[in-house]
1. For the chain, modelled as a GNM with alpha-carbon contacts under 10 angstrom, which of Ser31, Ser110, Ser14 fluctuates the most?
2. With every protein chain left in place, what is the accessible area per residue of segment 30-141 in square angstrom, probe 1.4 Å?
3. Taking a 1.4 Å probe, which of Asp64, Asp80 shows the most accessible area, and what order do the others take after it?
4. Filter the cross-link list Lys18/Lys139; Lys114/Lys139; Lys18/Lys76; Lys53/Lys114; Lys76/Lys121 down to pairs whose alpha-carbon distance in this structure exceeds 25 Å.
5. GNM on the chain, C-alpha springs below 10 Å: top fluctuator among Ile59, Ile99, Ile29?
6. For His128, His103, give the ranking by accessible area with the largest first, probe 1.4 Å.
7. Taking Rg and Dmax of the Cα atoms in Å as the quantity of interest, determine which of [x] 13.6, 41; [y] 15.1, 50; [z] 17.5, 57 was computed from the displayed structure.
8. Would you compute, from DSSP H runs of 4+ residues alone, the mean residue ellipticity of the chain at 222 nm, taking -39500 (n - 2.57) per run and dividing by the full residue count, rounded to the nearest 500?
Amino acid sequence: MSVTVDQREEGKFSLATKAEYLARYTIEITSNENVFIPEYRKQVTDDIVETAKNIYLGIREANDVTVRMGTVFQMKDYMDRNELQRETLRNCKRLLYLIDLAHRIFHLSSKRVKYWGKLVKNVKDRVHGWIDDDTLRYKPD
């Protein structure tokens with residue numbers, strides 16, 4: 001028997017997809033110059049877009065780091081991956097702060113801010129879980 005869409009659990013490997021959607025959504029909404037007025041592009045909007053892209057790129061880059069288990073490189077690989085994951089977490093927090101700033105500057109609707117923030121929080125929580133999983137998986141015996 002198949003499972004309906006609303007009953008499906010989100011896959012463990014959907015983080016990159018969620019981050020990509022967040023980046024695309026951010027780029028799409030910030031391109032509306034009626035809301036994100038051009039006068040603030042360099043001061044605010046460009047930072048918002050760059051941060052969203054960096055979240056996506058950080059996840060992809062961290063995922064590309066292979067931790068070579070049982071080798072002398074294991075701890076270095078783990079630390080490299082962990083550093084990218086933590087930078088991605090910082091960018092998630094930064095994007096939430098920037099969304100709050102944009103809410104005030106551009107008078108965004110609370111509905112939009114809530115949805116956008118939910119997207120960021122979902123990615124942030126998943127990165128946290130990924131870090132926790134890696135810590136358990138790669139910790140030295």
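1. Ser110
2. Solvent-accessible surface per residue comes out at 63 Å².
3. Asp64, Asp80
4. Lys18/Lys139; Lys114/Lys139; Lys18/Lys76; Lys76/Lys121
5. Checking each option, the largest mean-square fluctuation is seen for Ile29.
6. Reading off the accessible areas and sorting them downward yields His128, His103.
7. Computed from these coordinates, Rg and Dmax of the Cα atoms in Å corresponds to label [z].
8. Values: 4 runs with 96 residues, N = 141.
Value at 222 nm, helices only: -24000 deg cm²/dmol.
The values are calculated or read from the model by the stated rules, or taken from the named source; none is laboratory data. Keep in mind that what you see is a predicted model, and the values were worked out from it rather than measured. Heads up: the accessible areas ignore ligands, DNA and RNA and are worked out on the full protein's heavy atoms, side chains in. Shrake-Rupley method; radii C 1.70, N 1.55, O 1.52, S 1.80 Å.
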